[in-house]
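Beneath this line is the structure, given in C-alpha cells, with notes to follow.
The values are calculated or read from the model by the stated rules, or taken from the named source; none is laboratory data. Owing to the predicted nature of the structure, the values given are computational and were not obtained by experimental measurement. Cβ coordinates were reconstructed from backbone atoms using ideal geometry, including for glycine residues, and neighbour counts include every protein chain displayed. For the accessible areas, the whole protein counts, side chains as well, though only heavy atoms, and no ligand, DNA or RNA atoms are used. Shrake-Rupley method; radii C 1.70, N 1.55, O 1.52, S 1.80 Å.
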Amino acid sequence: MASKPTKVQLVGLLPAILKPCGPACAQPFTQRNVEALREEEWQETPGFVLENAERAHHIAEDLFRDFGDSVRIEVVGLDSPRGVWLGLRYRIGKGFAVVVDGHEVFRDPKDSGPVKDAVSRALSTRPSRA
C-alpha cells in the first residue's frame, strides 16, 4: 500500500521562467526552445532571485532523486496570490523557503539535508492508503 505523497512547497521570489512549468517542474533553464527567454531573464533578473531558483532546482532534484513519487513539489512565487499568503503565514519576506507538509519551514536553506530529513519524518508518520 502506498502512502499519500508528502507536499513540499518551494516558496520565494523566483524567475518567471520557473512559473510556466508548474508544480511538477522545478528545473529552470533546461529546454532548448526557451533559449532566448532564458538569456533575457538571466540578464534582467536580480542575483538573489537567480540564487533562489538555483537552490529550488537543487533541492527539488535531490528530493526527486531520493524520494521519487513519494514527494509532490509545488513551486510558488511570492508574487502570486498564493505566494503572498504563504509568505505572510511562514514569514518568508523576500527570501526563499521550503515548507514540508505545512508543518516544517526551512528559511533560506543552503542545502537539501534538513529538508530531506523532514520529508523522511513526514513519510514515516503518514498512514497508508488502501
TODO: State the number of residues belonging to region 113-127 that are closer than 15 Å to Glu61 by Cα and open to solvent by less than 20 Å² (accessible area, probe 1.4 Å).
DONE: 2
Open item on the list: If I ask for residues that are modelled with pLDDT of 60 or more, under 25 Å from Arg91 (Cα atoms) and open to solvent by 50 Å² or more (accessible area, probe 1.4 Å), which ones from region 14-48 would you list?
Closed with: Ala16, Pro46, Gly47, Phe48
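Taking region 85-112 as the region of interest, how many residues are at negative phi and either open to solvent by 30 Å² or more (accessible area, probe 1.4 Å) or touching a Phe, Trp or Tyr at 6+ places or on another chain (Cβ under 9 Å) (or both)?
Step one: filter region 85-112 for residues at negative phi, giving 85-90, 92, 94-100, 103-107, 109-112.
Then drop every residue that is not either open to solvent by 30 Å² or more (accessible area, probe 1.4 Å) or touching a Phe, Trp or Tyr at 6+ places or on another chain (Cβ under 9 Å) (or both), which leaves 85, 88-89, 94-100, 103-107, 109-111.
Count: 18.
Taking region 69-97, which residues are in a helix (DSSP H, G or I) and under 17 Å from Asp117 (Cβ atoms)? Before you say what the answer is, go through the steps one by one.
Of all residues in region 69-97, those in a helix (DSSP H, G or I) come to 69-70, 81-90.
Of everything in region 69-97, just one residue is in a helix (DSSP H, G or I) and under 17 Å from Asp117 (Cβ atoms), namely Ser70.
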TODO: Determine whether Arg121 is within 17 Å of Leu14 (Cβ to Cβ), assigned to a helix (DSSP H, G or I) and touching an Asp or Glu at 6+ places or on another chain (Cβ under 9 Å).
DONE: no
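Residue-by-condition table, conditions (1) in contact with a strand residue (DSSP E or B) (Cβ under 9 Å, 6 or more places away or on another chain); (2) touching a residue at least 40 places away in the same chain (Cβ under 8 Å); (3) open to solvent by 10 Å² or more (accessible area, probe 1.4 Å):
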residue	(1), (2), (3)
Leu50	no, no, yes
Glu54	no, no, yes
Ile59	yes, yes, no
Phe64	yes, no, yes
Gly68	no, no, yes
Arg72	yes, yes, yes
Leu78	yes, yes, yes
Gly83	yes, yes, no
Task: Sole exception among (1) at pLDDT 90 or above; (2) not in a helix (DSSP H, G or I) for Ala60, by number - done: (2)
